[in-house]
Each structure stands twice: as C-alpha cells, then as structure tokens.
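To start, the structure under review is shown below, and the notes come after it.
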Number of protein chains: 2
Amino acid sequence: MSTLPTTPNPVDAVPVDREVLLARAYLSRVAEPPAAALAAFVDEVGPVAAARRVRAGIGDGPGALPPEVARETSARRGTDRAEADLALLAARGGRLIVPEDPEWPAVALAGLGVVAGPDGAPGLEGPATRDGPAAPLALWARGPLRLDEGPAGWVAVVGARAASEYGLWVARDWSAELADRGVTVVSGAALGVDGAAHRGALAVGGDTVAVLACGIDRVYPPKHATLLEHVAQRGLVVTEYPPGATPARHRFLVRNRIIAALTAGTVVVEAAARSGAMRTALVAGALGRAVMVVPGPVTSLMSLGCHELARRPEVSVVGRVDHVVEEVSPVGDGLAAPPGTPTRPTDGLDPGAMRVREALPLHAARTVVRLAHDAGVDLAEVDTHLRELEARGLVVEHGGRWRRRPG
Amino acid sequence: MSTLPTTPNPVDAVPVDREVLLARAYLSRVAEPPAAALAAFVDEVGPVAAARRVRAGIGDGPGALPPEVARETSARRGTDRAEADLALLAARGGRLIVPEDPEWPAVALAGLGVVAGPDGAPGLEGPATRDGPAAPLALWARGPLRLDEGPAGWVAVVGARAASEYGLWVARDWSAELADRGVTVVSGAALGVDGAAHRGALAVGGDTVAVLACGIDRVYPPKHATLLEHVAQRGLVVTEYPPGATPARHRFLVRNRIIAALTAGTVVVEAAARSGAMRTALVAGALGRAVMVVPGPVTSLMSLGCHELARRPEVSVVGRVDHVVEEVSPVGDGLAAPPGTPTRPTDGLDPGAMRVREALPLHAARTVVRLAHDAGVDLAEVDTHLRELEARGLVVEHGGRWRRRPG
C-alpha cells in the first residue's frame, strides 16, 4: 500500500496519502450526512480500513460492520466513484480537505461531535435521533483561502432567501464593512441575504467562504454561477457533499451546522418566523459561538424570526458592525465605542446651574433674586452657577440682570 | 387646628385633612423637585409641621431647619399659594393626591426613595448629588382614573418627539392593542411618540395616564390641548409640579422617574442616541421594572437609542404586543405564544422519511431500490418511510414505482 503515489494538496506542503484521500472520498458519498455511526467508526479504525470494511458489507465475525454503520451505508456501499470524484475536483483546481491534513479545522468542527441532535444539527428540538454526532468526513473545496484560517476571524452572515430590500442592504453593507476590517464573511450560496453578503465583501476586495448544500460541481442556484466563481477565485467554496449531490432541502439544514462551526459568530440579517437562518443561529449558540440578530421594523415579516431570536438570553441584538466585532472578539477586545452622540454646550453642567439657565426665559433678563426663586435654588448658590454659565458663554450680565446669550 | 374643614377628594371616600392638603400644596411649590432633604424632613415631622417650620425659615435651637432643607427651600419659602392652587385645582375638577390619601401609590413610588441618583433619577451616571431620594411630595391630578389602580396593569409607552412615521405607527397601534387587552398606557404629553400612544389607546376606548413636566393648568405642548382634555376626561393627567410651573428641560428628565415608577414596565418605541426616553428606560430598570425596546431599521437614527439599549442585559426586545404583555406579567403568566408559523405537510416527519421524499424528483417515478440509494437510507427502512408518506398523502405508488403526489 505504501507504494501508492501521494497527491499534494495544492496549497499544502504536507501531502496526504492518496489512499486516505480515496477512502474519504468514497466514505463521503457512501452515507448521507450527518452519518454519526460511520464517523465514529472511521475515527476508530481509520479511513482506509473503514472504507474497505464498508465496501465488504456487513459480514460476520471479528470483521463485521457495526449494525448502525451497516444501516447508514447499505444503500450506497456499492457506489465507489472516488477516483473519478478526485479527478473531477483536481480538474477544477480543488482539493479534498480531510482530518489527516493540517488544513482540517479540527477545533472548529470538534463541537459538532459533542452537541449534535436531530438530523445532526446540535441543540435543536425534535425527535430523538440515531444520527448523533455529526462532524463531516471530508470537505470538498475550491479556492485559495485555507480552512484553518478560520474560524476566529470569520463571521457568518445569513438570512432569508426572500429578503427585503432592507435585508439585502444590511447584508451587503455590513459584509463590506466586515471585509474592510479584515473579517472573512461566511455564508451559504442562496439568493437573498447569502448572495448579498458575498457581493458586499467581494466588492471591497474581501475573501468570502461559501458553504454549499450540494456537490462542489453543482451550480445552485443557477443565478449565482458567476458569484460562486468569484468566491472560488478569492476565497473558498466548500461542501461535505460529494460531486453531483443535489441540493435537497434537508441538506440545507444539515449544511447550516458547518457554517455555524466554521465561524466565531453568526449574524442573522433577516429571518421569517421559521427559517433555516434561525436554525443556523441556534446551532451557533449550541456550539458556544456568538448568535447575533439584526433588528428591523416590527412590521416586517422578514424580521419576525430575528425578533423572536432576540428574546433568547444567548442572542445579542447588533445595531451596527461595531456590535458584531465586539461580540466575536475575545472578551474585552473590540468593545464598541458608543455611537457618535451630539454634544451640547450644557453637557456636564451642575444640575443647579442647569436649573438656573432654564429659569432664564429665551428673550428676557432676570435679577439674581428672581432667578433663585424661579429655579428653586438657594440665593447664595445662584451666583456660583451664573459664573459657571458665564464662563461657558451661556449667559451674559448687563446692569445686574442676566439673560441668555444668543446662539 | 382640628376645626379646619376637610375636603373630600372627589373619588375618595376617606377625606384628607385640609390642613394636610394645604401643607403639601405649599411644600410642593417651595422646593424644586426632586427635593430629597425636604421629602425626608416631611416624612420625619409630618407635612403640617414641616410646612410651618419651612415658612419660619432656618431659625436656630431645637426648631431649626436642617441646613439641607433650608437650602432647598430658601428661594421660595415666602411664596405660599396653597389656597389659590387648591381652588384652581378644584375649579378644574382636579384633586391633590397625597401620601395621607389611600389613593397614593405608595408601593409604586417607594423605590424612588431608595435608588435615586443625580437629579433624582435613579440609576443614572453623573456627578454625585445632594438630591438623593426623590419621591414626590404630592401629585396634582385631573381625571376619573385612580392612581392606586396602577402600576401592575400599567405600561409606559415613550419615545422620541421627532419620531418617524414608523415610530408613530408602532406607538399608536401597540397602545391601541394594549388598551384592548385592558392595559393602561402611561406616557408624557409630548409631540411624537407620547401623543401617538395616547391617541392609539383613546381611539379604542382605553384610559391613559399623562404625566406632565409642568403645572396641571399649563397646556404643553399647545397642540395637545384637546388630547390632554380627552385624557383628563377618561384617564388621568398628573404632575408633581404646582400650578403655573413651566415645562423646563430638566423637569422632563425629573418627571420621567414618575412615569417609570407608575408602571410595570416601559416600552421605548423610538429613541435617538441620547434622549429622555432612554433615560426613562434606565430609571425603569433601576426600579426593577421591565425595560423594553421596540426594534427598528438599523438605518434609522430614531432607532439608534433602542438598539443601544437592547445590548444591556436588563433590556428586552419586544417585537409585538404579546412580548410586552409577557414582560410585565407575573412570572409564568402571560407567556407569549409563538407567532403564527406556517405549517407544512412534512411537519413532524421522521428525518429518514423526509430524505426519502426529497429523493423523489418532482415529476418522475422511482423504484424503492433507487430511492434507498438516492436518499442514503437502508432498503429495509425505505418501505416504512414510504408508508408514512403515503398515509400523509405525500406520495403515491403505481406499478412498483413511487412518485410525489401532486399539490
């Protein structure tokens, strides 16, 4: 076996054994993600032995497949397109990122094996499932960005396909600002918020990561063909699904756990009451990542999900990009400055001085005694307050009577 | 002294001694609220003795005024219009509500004496103040609603004077819905959100409470003359300021603590980055009342303050009136139902059955073996899943091949 040639990953100095790549390519097609039993089996016996034993079928005796692994793989175990898949990937300049590769984002994905719930998405309600832990077996990728550069500086920007103009604007504008600040935007590839997020970041020269719910060779949605090429040229297009896999609905939900895991936090720009974006947010929360929602008009159905999420204690409302940066920064770093607040000439005035000033009418003069009465301030103190106001240019005296200074 | 006649408050069976009313009417004018030292002094010696000693001035010996009380009252102690003020109030059908009256909302206002900070507003940053505790000395009121009916069922709806159309809409619509649910809306009387809140509640036959920052005889802003009459006819117009007091700016801030104290929670509809509404919200939080903000577009300056507030742990985002009711209800009561969510024929489907259904193309039939492969589901289980889908009317079989059921 050691005579097999090794294939260097394009951007990786440490080549992964080709036999391992072939085994993982086969395994990533042989079970529908998330395939928890198979993942655990691969961890236990290694990808090459796992692939061999899955190909051989359930068998009996010491080499028998665990029943759950047999169940997950029975329908497709006869389908081995690993060579063709890797060739297709290579032809498109892509690479298969596997746990044996230093680029594998092991820490980022580790949480998935711990908190996974129904259909592999962690922390969600639903019937108990046999799927359990759900780290991907391999990731098919195209693009120069390295996966192990995330997730600390990566932020997911997700939301509704049927986004409003407002949602599209926020996705585009904030993603551009995030990219300007050196934050890599991660999203799906859907119409609506996903597309706007990629476009905003790309427009200012940022890299983005698109996580697909189908094979790397599929262009879905078709309208995003050019956009996905841009992402692949500068950032990264990545998926756990083998070439040719179609974008079935449940795959979007399963895929969302990868988006959440690859980022330090997820920003939900717009979400209807029941949506995949809400789900990604809940996954992010279960993984201990920041969960952020963009507020919007309470009259907008597309903000309904955001406002429902905002009521959960683990969810933060982000009103500007500063807030996003604050949420995903290590504690104490990146604290958002307060928004630019208007200053007033009366800022910091003693409350007594404020009262004296307000006791002065706009267009009339007052004696000190009258001012003391109207302001309810002790006569002995009015003089002090008037001097403070005078020093700030707020009042002026003429012949023993005080008036407001114009302007 | 006991020979003085007593004046029954119009809606109150227990008459308050007229001497007490005159004393409190005098005291409410003699110091600018919040007058913490005077309030403490009144609590200690009673209103009648306090009024007599303030009138007499600082003096010396055992009857001497505490220096802080002397300071608070020195400028106005010679002004006694109590008889005229009460006559004016009576002529307008009003009443002076005092702590000696069962209508006095003692529990609601108690917190003000404990947590007051600078300028009497509790929990706010600013220079240390000599004002300290700041419960009002008396409340001048007009209208049939009784103050002691709050604050459990009362909610403050406050916000910017320069509200946007969106803010005005929310204030009006939500206040109407609150009134419909039997919640009394409390607000100021300003243009913008305050006015819209009153109008919304009044429009559906609700009572509202307007807390003024000026005398009960002043009409401010002038545009709200008719509106304030409506409030006084059905609800309550109330103020701690004596007749004739002008609406100076600092009085709005001081007044806000009364709004917060009289309600179970405060809803900030719109607020610029620096605003009185934000302040009312912070006061409400310091008093342990619910603090709620209405989200809005992040592009709107008038929602900026709401979104900043939303980042504080004690502040809740309310996306609909259900949320408001939930926040101000005793724990466990009034929980908001989830928003109406669309139901789908696939709700509650086993994940495996979902996969099988999604493996069926829209317009083609499939054999069971092909379905098992495409869905990645064990052949033995596909049949079970297909029966579940068939029972729901989602799939149909013909000649050993399955297809989606149209519609």
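Every number in this text was worked out from the coordinates using simple rules, so none of it is lab data. All figures in this text were calculated on a predicted structure; none of them were measured in a lab. Quick reminder, even Gly has a Cβ in these numbers, built from the backbone with ideal geometry, and neighbours come from all protein chains shown.
Computed values, structure above
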quantity: Inter-copy label distances at A:Ala380 (7 Å, Cα→Cβ; nm, one decimal); calculated: 9.7
quantity: Inter-chain shielding of B:365-378 (mean C-beta neighbours from other protein chains, 10 Å cut-off); calculated: 3
quantity: Axis-proximal residue, chain B, for the rotation superposing B on A (Cβ, Å); calculated: B:Pro295, 2
quantity: FRET E, pair B:Arg249, A:Glu149, Förster distance 45 Å, beta-carbon r, rounded to 0.05; calculated: 0.25
quantity: Gaussian network model of chain A, Cα within-10 Å springs - most flexible of A:Val186, A:Val231, A:Val395; calculated: A:Val395
quantity: Contact order normalised by residue count of region B:163-231, Cα under 8 Å, 6+ apart, percent; calculated: 32 percent
quantity: Rg/Rg_globular for region B:187-258, with Rg_globular taken as 2.2 N^0.38 Å and Rg from C-alpha atoms; calculated: 1.01
quantity: FRET efficiency estimate (nearest 0.05) - Cβ-Cβ, B:Arg52 to B:Val204, R0 60 angstrom; calculated: 0.80
quantity: Partner chain coverage, peptide A:218-230 - average Cβ within 10 angstrom; calculated: 0
quantity: Efficiency of FRET between A:Arg312 and B:Val219 - r from beta-carbon atoms, R0 41 angstrom, step 0.05; calculated: 0.35
quantity: Histogram of C-alpha separations across the protein assembly as shown, 10 Å bin width, %; calculated: 2, 12, 18, 18, 14, 11, 9, 7, 5, 2, 0, 0
quantity: In Å, descending, principal axis extents of the Cα set of chain B; calculated: 108, 41, 36
quantity: Under-5 Å amide H pairs with A:Val186, H placed in peptide plane, nonlocal only; calculated: A:Val155, A:Ala156, A:Val157, A:Val209
quantity: Residue order, fewest to most beta carbons within 10 Å, for B:Val318, A:Val107; calculated: A:Val107, B:Val318
quantity: For the protein assembly as shown, size of Cβ-based charge dipole, Lys and Arg +1, Asp and Glu -1, in debye; calculated: 1820 debye
quantity: Charged-residue dipole, Cβ positions (Lys, Arg, Asp, Glu), chain A about Cα centre, Debye nearest 20; calculated: 1040 debye
quantity: Kirkwood hydrodynamic radius (C-alpha pairs) into Stokes-Einstein, region B:129-202, 37 °C and 0.692 mPa s, D in µm²/s; calculated: 243 µm²/s
quantity: Prolate/oblate/rounded label for region A:351-404 (Cα gyration tensor, a/c 1.5); calculated: rounded
quantity: Magnitude of the charge dipole, region B:351-404, Cβ model with Lys/Arg +1 and Asp/Glu -1, debye to 20; calculated: 240 debye
quantity: Number of partner chain Cβ atoms within 10 Å, mean per residue of A:298-308; calculated: 5
quantity: Highest-fluctuation residue, B:Gly153, B:Gly59, B:Gly296 considered, GNM on chain B with Cα pairs under 10 Å; calculated: B:Gly59
quantity: Using a 7 Å Cα-to-Cβ projection, B:His363 label spacings across copies, nm, ascending; calculated: 7.8
quantity: Calculated label separations, A:Val396, copies of the chain, 7 Å along the beta-carbon direction, nm; calculated: 9.0
quantity: Table column - 3J(HN,Hα) (Hz), region A:287-299, Karplus curve with 6.51, -1.76, 1.60, x for Gly and Pro; calculated: 7, x, 8, 5, 10, 10, 10, 8, x, x, x, 5, 7
quantity: Rg/Rh (Cα only; Kirkwood hydrodynamic radius) as it applies to region A:139-328; calculated: 0.93
quantity: Estimated inter-spin distance, B:Ala106 and A:Glu165, nm [label 7 Å along Cα→Cβ]; calculated: 5.9 nm
quantity: Top of A:Glu390, A:Glu229, A:Glu100 by mean-square fluctuation, Gaussian network on chain A, Cα under 10 Å; calculated: A:Glu390
quantity: Å³ per residue enclosed by the Cα convex hull of region B:6-89; calculated: 99 Å³
quantity: Stretchable slack from A:Arg403 to A:Asp60, in nm (0.36 nm times residue separation minus alpha-carbon distance); calculated: 113.4 nm
quantity: Extension gain, B:Glu390 back to B:Thr346 (0.36 nm per residue minus Cα-Cα distance, nm); calculated: 14.7 nm
quantity: Structure-based [θ]222 nm, chain A - -39500 (n - 2.57) summed over DSSP H runs of at least 4, per residue, nearest 500; calculated: -11500 deg cm²/dmol
